Structures are given as C-alpha cells and as structure tokens.
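The block underneath contains the structure these notes are about, expressed in structure tokens.
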Amino acid sequence: MTPQIPLPVFDLVIFGGTGDLALRKLLPALFHRFIEGQLPAGSRVCGIARDRIDDAEWRERVRAALARASDPVDAQTLERFLAVLAYRALDVDGTAGWEDLAQWLHSGDGGRVRVFYLATSPTLFAGACDGLRTRGLIEADSRVVIEKPIGRDLDSARAINEVIGRAFEERNTFRIDHYLGKETVQNLIVLRFANALLEPLWRAEHIDHVQITVAETIGVEQRGAYYDNAGASRDMLQNHLLQLLCLVAMEPPATFDADAIRDEKLKVLNALTPIDAHNAAQHTVRGQYREGVPASAATRAYADEVGKAHTRTETFVALKAEVRNWRWAGVPFYLRTGKRLPERVSEIVIAFRQVPHSIFNGDAGALVPNKLVVRVQPDEGIKLWLMIKYPGPGGLRLRRVPLDMSFASTFGVRQPEAYERLLLDVVRGNPMLFMRRDEVEAAWRWLDPILAAWERDEAPPKSYPSGSWGPNASIALIERDGRTWHEDAA
C-alpha cells in the first residue's frame, strides 16, 4: 500500500449538502477515502441546506448516492461511514439554523480543523461567509472551499473575492478546479521537471505547437439554467483550459512549493497575447450544437434543451493563444472545448518540430513529427509518438508508434477521483492544486475582452451537428496555419 500523509481530525461542513455536487462528487470522494482508512477517527461531516429533514433522512439520500457512485461494499463499512454524517437545516440568508450549526461545531473536541465547503450558487457565498464570521464560527485555521464559476467577469470575480476575504485569509481560501486534482495533470509537473530528457526540448526551438482539448459527449442535461448564463467560455475556458495551459507553459519554479508554482502560472496568464475586438474573429471560434445522431441516439438542439429559440450562448469554443516570452515566442496554443462532441476526452498534445533533414529515401515512408500526448481523462496516461523501423526484410520502412504509459496498467491500482485528493489537501492546508486570487482575476482580465468582442458581434455562434467536432471554422482555425487537430491514431 502506498504510504499516506497523515491527516488531522477535522469537521467538514458542506453548504449545499443536498445538491448534485455534494451527493454525486463530494460524499462519494469522502467515502472512498474512508474505505482506505484515511479519515481520522473522530472526524465529522455536516450537510447544510434549506431542506427540512433530519440526520436519518439525509443519510438515506447519501446511501442512495453512494449506491449509484461506488462499487458495492460491506454493509458494516457503509454504516460506519454514515454514522460520521450529520445534517442541519439552515437558510444562509436568514437567521434560522445558525444556532444549531454552532452547537454541532462546538460539540466536537478542540483542536480539529474546520473546513467549510460552499457547494452552492455564488449568490449564497456572501450570506454563508457573513453568517460564519458574525457568529464566531471561523477559527484561525478554518478553511473555506469555493467552486467555479468564481464570477462571470473580472468585476464580479473581484466582488466574490472581497466577500470571501472579509471572512477568511487568503492562505485559508481554497478555490477548487477539480482538473488540477487529476493524476495526469499533477504528473505533468513531474514529467517536465524530473526528467532531463524533456525540459531542454520544452521551448520554441523544438516545439511546433500545443493543443489542449476538453471534449464532452453530453449536452447541458439538468444544468440548462446555469449553462445558458455561462456558456463554454465561462464554464471551461476561464478555468480548466487556462490552468492546463499554465502548467504546460510555466517556467520551472525554484521549489516544489505552492506559491512558487502559482507565481509561475500567474506569469503565464499575464504573458498571454491579448485577444479583443480587433483580432477575435481571426483567433476565436464559438459554436452551438444543433440536432444530431451521435452514437446512434438522436439528440435535440441546444436551443430546444434550454427552451430558448434564439439563445446566443456558446456550447463550443476554439481559439489560438500565444504566450509572449522567450520560451514560447511564436508557438501557438490551440484550445478547444465543447459539448455534444463525438468523444469524451481531455488531453494535452505537445507537437514537436519536424527533424531538420531526412536521410531516408522517399520509399521508406513519410517522416511524421513526434508528439507527446498527455491524456487527462479517460484512461489517464502518457503517450510519446516516435518514428521506428517497421520489422522485417524487404527494405527499410518507417512507421510512427506510441510509447504508451497507462496509469491503470502500469501501477495496477485504482486511480482516485480528483475530489478525493483535493478534499484531503484542504484538510492538510496544502494549497498547491488550488487557484490563488490573483490567478483567477488574471484569467478574467484576459477573457473579458474576448467576451466583449463576441457580445458586440451580431452574428450568432456557428452551428454544428451533435456528434461532430464542432463548427468547420474550428478546423479552419488550425488548418490555415498548416496544422490539424490531433486524433489518437494520427
């Protein structure tokens, strides 16, 4: 068994305890850690919501959620986990319920870490933080976790950060992006900075371009109200894709320290070439899915799903970004994300330059540039595509093949979900995989002019059929530079 870093005893309070995030992600993540023996004895979890239910009813809801999300476990283990759970009905914008929460918190032994997880709409952040602060429930080492979206533009992000900052110090504020908790994303740092083979090549002299794709096969499902107010740019680009770009492009930090790494990510965000009304048409594409027949199942158009005939919300974004520094000058970063695409995949592709001169005859076959593919999900792993000689007599024939490292097959262990790692890092007080305030605001500072340019453009998002790779314009975006989007077999 892999050695684990010990955890302090903790109390976790989940605002939004009856919501989708809590039941589908947070509580199953805690349950998996409980099964592994990582939750210290005496630790407790309290769900908070407006629902007028008691401990027993909430535990039954959690039991049903775990049955959907987890492999079967013995009944005794499940009951021991459910016994850790409590529930308190509370309206964060009112007064009812706060005294019950205070009594629950004070009933525990002293010296435990308090974590408050705001798994709610951002409109409730102020009420939750102010309620905790004015009632003296925040101790010196208490922590708060907030989910994206942190605002819908720079001004609203600053307002949310101010609200949080009135109650919690920055060192105790954990802005969560679950992509940063994925095994492959963390391995990207190790891959770059623990291997002498790659770091000397990690620059414009050797890398032709970078692609980052986060694709989903599903539509908006039950998130239509939220999504129509956010779109792909606010939902995915401002956080997930830009964070992945930062990890690819950042300079080596001086130490493996949270702020050292976040300082380098901030430099990348500040070095992004501006995209605004003058160049948005050349560097960005936005689309919206229409009807289609992906995977032999007919789907509805986005407008029909959200019940709006003329919505301009984008469900697909592709763009070409550049980092203005010595390491990356002239290297384009192609980013794309969307819903109702043909494959669920998140990956980073480092496309190296072609060898400067081929010594092989033309009948040996074409030389194809090397690629390093970091697969974030599913089937987390790393592939390095290389040229080799095809075995056998009959002349030299070239073929490109991958050196394939799958985490599942290499290590033979279950890969924890991102929230399992991130929740325990909050308890430990380790902010490395979380966004700092200046990072969030720098990302909005770069994205806001793009959103403003789209707002002024009267043209609607380009239509694309469900089950395709987005609008044709996204293919043109990369192919007019003489490049193509990566496909795994290519």
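We did not get these values from a lab; they are worked out from the coordinates using the rules stated. None of the values given here were measured: they were computed from a predicted structure. So basically every Cβ, Gly included, is an ideal-geometry build from the backbone, and we count neighbours across all protein chains shown.
Its Cα centre serving as origin, the chain has a Cβ charge dipole (Lys and Arg +1, Asp and Glu -1) of approximately 920 debye.
Just so you know, the Rg over Rh for the range 325-465 is 1.06, from Cα atoms, with Rh as the Kirkwood radius. Between GLU205 and ASP155, the FRET efficiency estimated from the beta carbon spacing at R0 = 45 angstrom works out to 0.65.
Helix 258-271 and the long axis of the chain differ in direction by around 50°, with both axes built from C-alpha atoms. The mean of 1/r over all distinct Cα pairs in the range 130-212, once inverted, gives the Kirkwood hydrodynamic radius of 16.3 Å. In this structure, the amide hydrogen of GLN377, modeled 1.01 Å from its nitrogen in the peptide plane, lies closer than 5 angstrom to those of SER346, counting only residues at least 5 positions away or on a different chain.
For ARG300 and LYS267, the FRET efficiency from 1/(1 + (r/R0)^6), where r spans their Cβ atoms and R0 equals 60 Å, is about 0.85.
Compactness of the range 295-336, taken as the C-alpha radius of gyration over 2.2 N^0.38 Å, stands at 1.94.
Among the listed pairs LYS148/LYS182; LYS148/LYS320; LYS308/LYS339; LYS148/LYS371; LYS148/LYS265, a Cα-Cα separation exceeding 22 Å is found for LYS148/LYS320; LYS148/LYS371.
For the range 250-379, a simple Cβ point-charge model (Lys and Arg +1, Asp and Glu -1, everything else neutral) yields a dipole of about 340 debye relative to the Cα centre.
Across all C-alpha atoms in the range 202-314, the radius of gyration and Dmax reach 18.2, 53 Å. In whole percents, the pair-distance distribution calculated for the range 440-490 from its alpha-carbon pairs, binned every 10 Å from zero, is 19, 31, 39, 10. The residue among ASN239, ASN370, HIS32 whose Cα reaches farthest toward the positive pole of the charge dipole of the chain, with charges on the beta-carbon of Lys, Arg, Asp and Glu, is ASN370. You can think of it this way: the chain between LEU21 and GLN282 has 90.2 nm of extra reach, that is 0.36 nm per residue less the Cα-Cα gap. A simple spin-label model places pseudo-atoms 7 Å from Cα toward Cβ; at ILE218 and ARG327 they are separated by 3.4 nm. Computing Rg and the Kirkwood Rh from the Cα coordinates of the range 167-227 gives a ratio, Rg/Rh, of 1.13. Computed from label points 7 Å out along Cα-Cβ, the spacing between LYS308 and VAL9 is 5.0 nm.
Quick one: helix 418-428 against the long Cα principal axis of the chain, what's the angle to the nearest 10°, folded into 0 to 90? Between the helix axis and the principal axis of the chain, the angle is about 50 degrees.
Relative intensity of the chain on a log10 scale, I(q)/I(0) at q = 0.06, 0.08, 0.11 Å⁻¹, equals -0.30, -0.54, -1.01, per a Debye sum over C-alpha point scatterers of equal strength in the absence of solvent. The phi torsions of the range 67-76, fed into the Karplus equation with coefficients 6.51, -1.76 and 1.60 and a -60° offset, translate into couplings of 5, 6, 9, 10, 5, x, 10, 5, 4, 5 Hz, rounded to whole numbers, with Gly and Pro shown as x. Relative to 2.2 N^0.38 Å, what does the C-alpha radius of gyration of the range 244-287 come to as a ratio? Two decimals please. Relative to the 2.2 N^0.38 Å estimate, the range 244-287 comes out at 1.51.
With n ≥ 4 as the cut-off for DSSP H runs, can you work out [θ] at 222 nm for the chain, using -39500 (n - 2.57) per run divided by the number of residues, rounded to the nearest 500? So the calculated ellipticity at 222 nm is -9500 deg cm²/dmol.
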